[in-house]
Amino acid sequence: MGRVESLLDPAYRLASVMLLDFAAAEDAVHDATLEGWARYRRLTGDVDGFSTWFLTIVARRCRRMRWRRRFGLGVRGEGPEAADLVSGVLLSLGTVPRAALFCQHVLGLTREQTAVVLDMPLSRVRDRVYSAEERLLDEVDKDVGINGSEPEHSGREDGRER
């Protein structure tokens, strides 16, 4: 049980990012913990990469909850406002790119581990992370007033190189 305790916070944060609903994230982590405990006992503790294994169970539970929500099967709780969870740009990303970025940049998982957790091919993880990072960089550049079409200033008033 000690192994799971250290993963509860990252699991809850992953579920929050995937579901955008704090109460549903708590439910997902609770259910995943119970499911994980039952599986772990059946496997008699023989699990390689325990954190990746457990986060995979959490992500799978979140996908099921999103599916149930989509078909009106009910998931409790209200979603957070954008300022409460992440910036508007991150909220505008799809679930998969947002979860992939979170796994890599917040949880510190490798792309291979992220692919396992999100149950998708490594190439898809690379594509989603790359496009999400590009979109975030574009938004940051817009916010600070950087325009890619303007030539870079060389430091001289007449614009000629030294």
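The values are calculated or read from the model by the stated rules, or taken from the named source; none is laboratory data. Being a predicted model, the structure only gives us computed values, none of them experimental. Neighbour counts are summed over all protein chains in view; Cβ atoms, including those assigned to glycine, are modelled from backbone coordinates with ideal geometry.
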- Considering only residues that are at pLDDT below 90 and hydroxyl-bearing (Ser, Thr, Tyr), look in the range 1-41 and name the one that is surrounded by the most Cβ atoms within 10 Å (Cβ to Cβ). 40
- Task: At least 2 residues that are among the aromatic types (Phe, Trp, Tyr) and over 14 Å from the mean Cα position of the chain (by Cα) in each: list the helices (runs of 4 or more DSSP H) lying fully within the range 1-65 that qualify.
- Result: 22-42
- Meets criteria (in contact with a Pro (Cβ under 7 Å, 6 or more places away or on another chain), at pLDDT 50 or above and closer than 26 Å to residue 26 by Cβ) for residue 107: yes
- Residue check: is residue 66 surrounded by fewer than 19 Cβ atoms within 10 Å (Cβ to Cβ) and over 20 Å from residue 107 (Cα atoms)? yes
- Note on the structure: Considering residues that are surrounded by 11 or more Cβ atoms within 10 Å (Cβ to Cβ), modelled with pLDDT of 85 or more and of a type in the set (Asp, Glu), the number found within the range 113-150 is 1
- Note on the structure: Of the residues in the range 97-111, those that are under 13 Å from residue 124 (Cα atoms) and not charged (D, E, K, R) come to 97, 99, 100, 101
